[in-house]
Ligand SMILES: *Cc1c(COP(=O)(O)O)cnc(C)c1O
């Protein structure tokens, strides 16, 4: 299996190379040259299998020669062993034909653990064979950084440095980054906001001498291996609800479009997915684009669902590539327009294709909190604010197929928003109930490239 760039001007790579590279050299995102298909019988055979077995069968055709069967099975087993639920991604019924897919039983209580835990194991395996050592540097507004630290803590061939804006992440998010004791993880509280964190990481990647010296690598949401890991739970959910004999709809709380794009990949593999519904908060650029054809970032408004507060939705480029008949030149032109004129307008044909693939809706702040309160009253379930955005939008798209809304985080990760909605602070699960007692270890750093590079050189050598 080869991977090609959405902008058509970077060399095709293997799975392993695409995973290690992240962003293509032409600025594009890697996608598989073709999507392997599963027959209805093969899908039926997945029903009821353990999550790890489904993961192996779904991912195996995409990973190619990079990993042997036993090695891949081992990575999958280690990735999900620490989850707090035997089903990994259990379904809970919310209404007559509406289900929640709980994706928050991983170590940092958000769905990003599904991909990040696996990518940690795959990196370790790949680096162990070559004897290479990498330095992972990332910027986070909360969930990605904690998931990356959990995934790479204690691994032998990787140092991980996460920059977060000092004083601007939730206490649970901060503690998840600052309490791991392993010497290869480094939480850095930057004197700046999230955009500063992202800008300094970008600067480091553009400092080629530094980049080569420390073996810089990224694991942000555009990494194809992360998308692939997320395909699996669409399959376990749909087969549990009757696929391949019955189609299933999904609603996905969306920011960078990685999670919902995984649903699109599952559909292209042959899973009978009826509708894929993009749910956005008040930062509704994707909903507006699907309705009007105009993609124009207007500035981020902070919301109760911060992991969906985005300006530019990076994985949307993969959907644009598909909608333009996999024409990399066309995608490169749109991205140049975005950079040079602040937006782009889709032609009628690609817009039509996008609308065939994706429905959409949005939830205001008031609607998000009202949905947490309503669902609590109707069912006793307590939703996180991201999931509440999804449930609000899903309710507008209920049809004959079962609807599955992805529950992307545990409510205890966002206690302030939940308390504002229902007056109750949701407790942390037992296995991390002592999070508030564990000692924190954090390095404060100025918003300065040279100082950050010196810090990273110093710490990774230690
Ligand atoms: C990252 C995140 C999202 C958005 O997922 P994308 O793949 O970026 O669309 C939604 N909810 C939570 C809790 C997240 O952490």
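The values are calculated or read from the model by the stated rules, or taken from the named source; none is laboratory data. Computed from a predicted structure; not experimentally measured. Backbone-built Cβ (ideal geometry, glycine too); neighbour counts: all protein chains shown.
Brief remarks follow.
- Some residue of segment 303-326 being under 30 Å from residue 419 (Cα atoms), in contact (Cβ under 8 Å) with a residue 60 or more places away in the chain, within 16 Å of the ligand (Cβ to nearest atom) and surrounded by fewer than 20 Cβ atoms within 10 Å (Cβ to Cβ): yes
- When the residues of segment 235-257 are filtered to those that are modelled with pLDDT of 95 or more and within 13 Å of the ligand (Cβ to nearest atom), the one that is farthest from residue 93 (Cα to Cα) is 257.
- Number of residues in segment 270-301 that are outside any strand (DSSP E or B), buried (at least 20 other Cβ atoms within 10 Å of the Cβ) and over 20 Å from the mean Cα position of the chain (by Cα): the value is 3.
Yes/no per residue for (1) within 14 Å of the ligand (Cβ to nearest atom); (2) modelled with pLDDT of 95 or more; (3) over 22 Å from residue 189 (Cα atoms):
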site	(1), (2), (3)
122	no, yes, yes
125	no, no, yes
132	no, no, yes
139	yes, no, no
146	yes, no, no
154	no, no, no
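- Residues in segment 206-234 that are more than 16 Å from the ligand (Cβ to nearest atom) and assigned to a helix (DSSP H, G or I): 206, 208, 209, 210, 211, 212, 213, 214.
- Just one of the numbered conditions (1) within 16 Å of the ligand (Cβ to nearest atom); (2) surrounded by 18 or more Cβ atoms within 10 Å (Cβ to Cβ) is not true of residue 416: (2).
- Answer from 25, 73 - the residue that is free of Cβ contacts under 8 Å to residues at least 40 places away in the same chain, surrounded by 16 or more Cβ atoms within 10 Å (Cβ to Cβ), more than 21 Å from the chain's Cα centre (by Cα) and more than 22 Å from residue 253 (Cα to Cα): 73
- Tally of residues being in contact with a helix residue (DSSP H, G or I) (Cβ under 7 Å, 6 or more places away or on another chain) and over 16 Å from residue 229 (Cα atoms) across segment 77-95: 3
- Any hit, segment 415-430, residues being in contact with a helix residue (DSSP H, G or I) (Cβ under 7 Å, 6 or more places away or on another chain), within 18 Å of residue 277 (Cα to Cα) and not in a loop (DSSP other than H, G, I, E, B): no
- The residues in segment 370-413 that are away from the ligand (no atom under 16 Å from the Cβ), touching a residue at least 60 places away in the same chain (Cβ under 8 Å) and assigned to a helix (DSSP H, G or I) can be counted, and the count is 4.
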